[in-house]
Amino acid sequence: MTRSQKIIIRILSLIALVLIAVLGYNGYQFYQLYANKPLGPSLPQFAPQTMPPLWTPTVGTPLGLVTYAPTISFPATKTPQPVCGGVGVMNVLAIGADSRSDTYQYGLADVIRLVRVDFSNSKVSVLEFPRDLWVEIPYIADNINGQDHEKLNQAYLYGQPGDGFAYWDDPSRGPGLLALTMNMNFGVVTDHYIAVNMRTFVNVVNAVDGIDLNIPNQDYADSTGLPIGKHHLNGDQALKVARSREEGVFARVDNQNLVLCSVRKKLSSPETVTKIPELLTSFQDNIFTDLTPQQLTQLACLGTKIKPENITFASFPQELFKESRIMDPVFDKRVFIWDVDFNILRDYVARFQAGTWPNASPSIEESDESEVSVVCE
């Protein structure tokens, strides 16, 4: 090989290295852009969160329905660093829409949960909101003859783009209007949202080859229609359990908690973890969310690290709610609603978002006034 040939080869090698470096940098930049791009429109701006009011329960005041496995209390220590590259705390509005289509044009919010994800302490708390709360909904009065109140689950519907709705023009649509309504009425401040319709839920469960559901006692057997013991359910069967209301709306919440725990357990199993990137890709067009692919990966990562006893399901105290009816001009009839003091609910919400309620280890007094049972295994 001549000297000039060697020089040419060196020059070509140098050019190839530069091209590889440029392509690698551009590829990394493209990945970063994609990974950090929200999959859906962001939520609107919320009012600043206020500090929890100095309210203490008096004798006989219900302390809330909490469904969780008891956790271990530790002395106060320095807050650990977030795991999985996540932020310290992320509040996510989770919505289960009753639409059976693949699109998000219509549908009521059949399930409404506020999820507090604590990456620093590897904990997840889930607060259920009854859908039959009579609330003020912004931006709807001009569309329904001046009426500005409706059920909470209808805030989602009125924000959807289907014909006859789209009562506000924010890109976040139903999730945004529902989040704004919850902020206005209860002081809820959410960072992100994720909405899943019934068909997508069924497909997700089927994609992981079903879930294993344990019916722990007769109460759950009565409300789910399944005998005590372990059952393997496909997507349709899991949806049926989650929507069952044989024993009332509060028992229905417990059924949903059972299903959610089972889904979480399946997603964190070794045989499923490797499929998570593929699942995220497969269903990103069927789930309406403003989370980024990177954030979804962080949540999936946390799911593999979190202990079952650090997953808490909370509900407002049943004793606070009284059955009532109110005249609804939209339907031209009296409709069922829950009569409850919103100021008390706001207090619970403030404590929930601050991470001070529900307590990790309930006191004796709290145990006496609250129903506590193990759900997640």
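The numbers here are math on the coordinates, done by the rules we state, and not lab data. Here the structure is a predicted model, which means the values were calculated and not measured. When we count neighbours, we look across all protein chains shown, and the Cβ atoms used for this are built from the backbone with ideal geometry, even at glycine.
Tabulated results
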| item | result |
| --- | --- |
| Violating pairs (Cα-Cα greater than 32 angstrom) within the set K78/K151; K123/K333; K37/K322; K37/K266; K230/K322 | K78/K151; K123/K333; K37/K322; K230/K322 |
| Spin-label pair Q294/D170, simplified geometry with 7 Å Cα→Cβ offset, distance in nm | 2.4 |
| Local electrostatic count, N234, Cβ distance below 14 Å [Lys/Arg +1, Asp/Glu -1] | 0 |
| Rg followed by Dmax, in Å, when segment 238-345 is reduced to its Cα trace | 18.8, 53 |
| Estimated inter-spin distance, E309 and N203, nm [label 7 Å along Cα→Cβ] | 3.9 |
| Distance (nanometres) between label positions extended 7 Å along Cα→Cβ at A141 and S42 | 2.9 |
| FRET efficiency estimate (nearest 0.05) - Cβ-Cβ, S120 to V273, R0 25 angstrom | 0.70 |
| Directionally averaged projected area (convex hull, Cα atoms, segment 246-300), nm² | 5.0 |
| Kirkwood hydrodynamic radius (C-alpha pairs) into Stokes-Einstein, segment 146-271, 20 °C and 1.002 mPa s, D in µm²/s | 129 |
| Spatial separation of Cα centroids for segment 306-321 and segment 184-241, in angstrom | 16 |
